[in-house]
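Trainee: My questions all concern the structure below.
Every number in this text was worked out from the coordinates using simple rules, so none of it is lab data. Predicted model, so just to flag it, every value in this text is computed and none were measured. Cβ placement follows ideal geometry from the backbone for every residue including glycine, while neighbour counts extend to all protein chains displayed.
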Amino acid sequence: MWYNFPMIYLDHNATTPLDERVLAEMLPYLQGPAANASSIHSLGRRARSAVEHAREQVASWLNAHPSQVIFTASGTEANNLAIKGIAARNIPGAMAASLIEHPSVLKPMVGLMRSGWRIEKLAADDQGRCLFPELASDVRLLAVMLANNESGVLQDISKAAECARRVKAVLLVDAVQAAGKIPVDFSNSGAQLMSVSSHKIYGPQGAGALLRDKAIDLGPLIEGGGQEADLRSGTYNVAAIVGFGKAAELAAAEWKTRHEIVSRLRDQLEAGLALMPEVTVFAQAVPRLPNTTLFALRGIASETLLMNLDKLGFAVSSGSACSSGKGEPSHVLQAMPIARGLLDSVVRVSLGHENQAHEISAFLSALQRQVKGLAAYHT
Ligand SMILES: Cc1ncc(COP(=O)(O)O)c(C=O)c1O
């Protein structure tokens, strides 16, 4: 079976394994009787109450009210709902976003240009921190991520909120990478919209949520039967939502322990990398997620390196899962900006709390051997 393949998984910003306690909560809704959570018979009501319980778990994890949680199928859908939902209820003006946002923020904004919207792009400094200039008075929405998926760098959300407030723009915070790794408090964040995703927190793929301050009027993204407050129609994916709820509950209860574990492992990793003269670790001087290390290996093509490491049983990434595989440096690295000579040599390691110290040691040894071999090949 492919899933018994002994891989050391160091790519948790792409997705996380399913926690077995989450799976246990989901199974009754996968194996049990048919139930549509909108049906009024007892089976439907049972499914509906499981969805509502999950809503409470997600709300409590992020200090939101359950009525503020709109379930979606992914973080991507939550970002699309926020951006297109605001566009649907406003006359065209401008949307603002940092250059380092995820494609699920940037692409919907670019799409809106066809209907007369403008985009204001906010630059980042060389540490990957978003800069906040004065926004034009017709900016209706500002999107800033809480943590960048590639560098792990945390963005200053209170500054973003201040920047948005000055022009009465709605603030969308993409918390997909941050939530679960650091505490996230929707009610006190200054954001009116916030996106999160289940599969980044040891929940199943196929569930996400947009948190919404009820004062914000949004148009629907998917129309139909009107589930999710008329903003997102479609039969509920009950098992995935139940899994998301459980994963949120566990993330709330265990974040501190998880934080300590991954911080220790990251320090071990970065201490090993510091001994390698060809390595540059990015954004070490600024607040970052505890699990993410982005580094470049001078003179080594990361694509070849990643394939070799894969054959040796190590799963790492050269940037985000979305931009790697396209054969071009990611927009985040270009925005930081990283020296041109290093752009093709970037590796991202993103740790999880199930990783162990001996796995980091094995990775460092494999990396050192690979670097020696590839450097000899390139010279
Ligand atoms: C910052 C950020 N936003 C949004 C997304 C999209 O989330 P999903 O994979 O649930 O669609 C990702 C996924 O990697 C992400 O890292």
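Trainee: Taking the Cβ-Cβ separation of Lys311 and Ala271 as r and a Förster radius of 30 Å, what is the calculated FRET efficiency to the nearest 0.05?
Mentor: Result of the calculation: an efficiency of 0.70.
Trainee: Sticking with this structure for a sec: Quick check: residue separation of Val110 and His358 times 0.36 nm, minus the Cα distance between them. What number comes out in nm?
Mentor: 84.8 nm
Trainee: Something else about it: Measuring from the lowest to the highest alpha carbon on each principal axis, how far does the stretch 224-283 reach, largest first, in angstroms?
Mentor: 59, 26, 17
Trainee: Let me ask another. Given C-alpha coordinates of the stretch 215-328, what is the ratio Rg to Rh with the Kirkwood estimate of Rh?
Mentor: 1.11
Trainee: Only counting other Cβ atoms within 10 Å, I'd like Ile40, Ile338, Ile70 sorted with the fewest neighbours first.
Mentor: Ile40, Ile338, Ile70
Trainee: Please identify the DSSP H helices in the chain that span no less than 20 Å along the helix axis (Cα) and have a mean Kyte-Doolittle hydropathy of -0.5 or more.
Mentor: Helix filter hits for the chain: 238-274, 357-378.
Trainee: Related question: Ignoring solvent entirely, what values of log10 I(q)/I(0) come out of the Debye formula for the stretch 141-229 at 0.22 Å⁻¹ when each Cα is a single scatterer?
Mentor: -1.14
Trainee: Now for a different question. Suppose we take every Cα in the stretch 1-78 and form the convex hull; what volume per residue is that in Å³?
Mentor: 148
Trainee: Relative to the compact-globule scaling 2.2 N^0.38 Å, provide the ratio for the alpha-carbon radius of gyration of the stretch 139-185.
Mentor: 1.16
Trainee: Let me ask something additional. Using a 7 Å offset from the Cα along the Cα-to-Cβ direction at both Asn36 and Glu328, what is the distance between the two label points in nm, to one decimal?
Mentor: It works out to 4.3 nm between the two label points.
Trainee: Something else: Would you calculate the convex hull of the Cα atoms in the chain and tell me its volume per residue in Å³?
Mentor: Convex hull volume per residue, Cα atoms: 138 Å³.
Trainee: Please identify the longest segment of the chain free of exposed trypsin sites (Lys or Arg not before Pro), where exposed means a DSSP state other than H, G, I, E or B and no more than 14 other Cβ atoms within 10 Å.
Mentor: 215-325
Trainee: Now for a different question. What pairs in Lys107/Lys168; Lys121/Lys256; Lys84/Lys168 have C-alpha atoms more than 25 Å from each other?
Mentor: Among Lys107/Lys168; Lys121/Lys256; Lys84/Lys168, the Cα-Cα distance tops 25 Å for Lys121/Lys256.
Trainee: Here is a further query. When the convex hull of the C-alpha atoms of the stretch 1-143 is computed, what volume per residue in Å³ does it have?
Mentor: 202
Trainee: Length gain on complete extension for the stretch Ala136 to Ala24, per 0.36 nm per residue less the alpha carbon to alpha carbon distance?
Mentor: 35.3 nm
Trainee: Please tell me the relative contact order of the chain in percent, rounded to the nearest whole number, where contacts are Cα pairs under 8 Å and at least six residues apart.
Mentor: Over the chain, the number comes to 23 percent.
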